[in-house]
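The values are calculated or read from the model by the stated rules, or taken from the named source; none is laboratory data. Because the structure is a prediction, the values reported are computed rather than measured. Counting neighbours? That spans all protein chains shown, and the Cβs are built from the backbone with ideal geometry, glycine included. When the accessible area is computed, the model is the full protein with side chains, heavy atoms only, and any ligands, DNA or RNA have been set aside. Shrake-Rupley method; radii C 1.70, N 1.55, O 1.52, S 1.80 Å.
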Amino acid sequence: MGRFGLTLLLGAVVVTALLLVSTIYGTTQIPAAVALDAVMLGTGMADGEVSPLHRIVFDLRLPRALFAAVIGAGLGVVGVVLQTTTRNDLADPFLFGLSSGAAAGAVIVITVTGDILGFWTLPLAAFCGGLVASGIVLALVHGLRTSAPEKLILAGLAVSFLFSAITNYLIFAGDSRAAHSVIFWMLGGLGLARWETFPLVCAGMFLILMYALWRSRWLDALLTGDLTAATLGVPVQALRFRMFFVAALATAVFVSVAGVIGFVGLMVPHIARGIAGPLHTRLVPAAAIVGAALLTGSDILSRLLLAPQELPVGIVTTSIGSVFVFLLLFKTARDTK
């Protein structure tokens with residue numbers, strides 16, 4: 001096993017440790033032995049009486065910890081894909097209206113329609129909102145008959161502002177009693193983590209991870225510029241459209257169950273490049289590990305900082321992200337001197 005393999009193994013150990021901490025610590029601290037018993041009982045690997053503490057671990061904390069790891073990994077890879085295809089180091093799902101569209105879909109459910117389809121209403125509405133936003137961005141770019149990165153970014157910003165305006169109008173005009181739930185959801189949270197929707201977020205993560213690894217050589221070629229990539233046989237315009245669509249699909253899945261979690265997709269690629277370098281065969285799995293660790297750790301902080309009250313995890317990631325951007329700006333300014 002090479003140095004990079006050892007690094008990934010160490011990262012996996014860190015993520016596993018964070019998952020354990022996330023399962024044990026919260027408003028009620030649960031001994032590690034009880035948490036292990038809960039997992040054994042919940043998976044049918046052991047027999048015995050299920051206590052309330054076992055239920056807390058297996059039905060609430062364990063799915064929440066796994067959701068944080070999977071969604072963090074997926075958002076990290078989405079950030080890598082968007083930053084490479086647009087050649088913009090500050091690109092993330094926020095920039096392209098993907099998160100805003102999903103948020104608008106969810107807010108429509110909370111303030112207007114209600115849970116007409118039961119538990120699945122909110123995730124489905126958010127998923128559809130994300131797809132509508134990505135469809136509008138792609139239609140705008142297609143109408144301009146170009147796949148230039150700057151046009152994609154401008155179209156994404158326009159759609160993001162549009163859906164943000166719709167969301168703010170719905171909050172203002174809707175039932176004021178729903179405002180708290182809307183704001184909490186828009187700031188991101190993992191309170192909706194349930195075993196029923198876990199396969200959905202896994203599918204979103206594996207979709208973006210596998211597609212990015214499959215097209216890793218083409219993504220490497222994009223680093224050299226569109227003209228050079230085209231001479232190497234890369235269908236630049238088609239690749240950019242497909243990558244954006246897959247990233248939009250995965251982001252819609254994540255936002256549909258966790259709300260809008262900011263800055264993960266922006267920070268993770270930069271950290272992962274420092275570990276794995278710019279080539280995507282290594283960069284993509286490194287980003288998945290870093291993203292999983294970042295969001296799991298942020299979720300732990302969101303539950304402990306104001307315990308027993310819970311902070312939206314988006315507040316934690318945004319706070320970390322703002323400091324990260326300042327450091328990135330200082331580093332860029334120092335390197336250009």
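The figures follow:
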item	result
Filter result for the condition that a residue is in a helix (DSSP H, G or I), closer than 26 Å to residue 284 by Cβ and open to solvent by 60 Å² or more (accessible area, probe 1.4 Å), over 198, 161, 172, 206	206
Region 288-337 - residue that is over 23 Å from residue 254 (Cβ atoms) and of a type in the set (S, T, N, Q) and, of those, surrounded by the most Cβ atoms within 10 Å (Cβ to Cβ)	332
Cβ pairs under 7 Å, 6+ apart, first in region 275-295 and part of a loop (DSSP other than H, G, I, E, B), second not aromatic (Phe, Trp, Tyr)	277/283; 278/223; 279/220
Residue that is closer than 29 Å to residue 102 by Cα and open to solvent by less than 10 Å² (accessible area, probe 1.4 Å), where the choices are 238, 252	252
Close pairs from region 220-232: first at pLDDT 90 or above, partner open to solvent by less than 30 Å² (accessible area, probe 1.4 Å) and part of a loop (DSSP other than H, G, I, E, B), Cβ under 6 Å, at least 6 apart	221/234
Selection from region 12-45 of residues that are open to solvent by 40 Å² or more (accessible area, probe 1.4 Å), among the small types (Gly, Ala, Ser) and not in a helix (DSSP H, G or I)	44
Cβ pairs under 9 Å, 6+ apart, first in region 308-320 and touching a residue at least 60 places away in the same chain (Cβ under 8 Å) and within 22 Å of residue 28 (Cα to Cα), second among the acidic types (Asp, Glu) and open to solvent by less than 60 Å² (accessible area, probe 1.4 Å)	313/299
Selection status of residue 56, of a type outside the set (D, E, K, R), buried (at least 16 other Cβ atoms within 10 Å of the Cβ) and part of a loop (DSSP other than H, G, I, E, B)	no
Candidate set from region 79-119 (those that are modelled with pLDDT of 75 or more and open to solvent by 30 Å² or more (accessible area, probe 1.4 Å)); member that is nearest to the chain's Cα centre (by Cα)	90
Some residue of region 258-269 being assigned to a helix (DSSP H, G or I), among the aromatic types (Phe, Trp, Tyr), closer than 19 Å to residue 187 by Cα and at pLDDT 85 or above	no
Selected residue (only one of 238, 276, 203, 287 is modelled with pLDDT of 90 or more and over 15 Å from the mean Cα position of the chain (by Cα))	276
Condition met for residue 212 (assigned to a helix (DSSP H, G or I) and either modelled with pLDDT under 90 or more than 19 Å from residue 86 (Cβ to Cβ) (or both))	no
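Matching residues to (1) in contact with a strand residue (DSSP E or B) (Cβ under 6 Å, 6 or more places away or on another chain); (2) modelled with pLDDT of 90 or more; (3) of a type in the set (A, V, I, L, M, F, W, C):
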| residue | (1), (2), (3) |
| --- | --- |
| 6 | no, yes, yes |
| 27 | no, no, no |
| 32 | no, no, yes |
| 38 | no, no, yes |
| 52 | no, no, no |
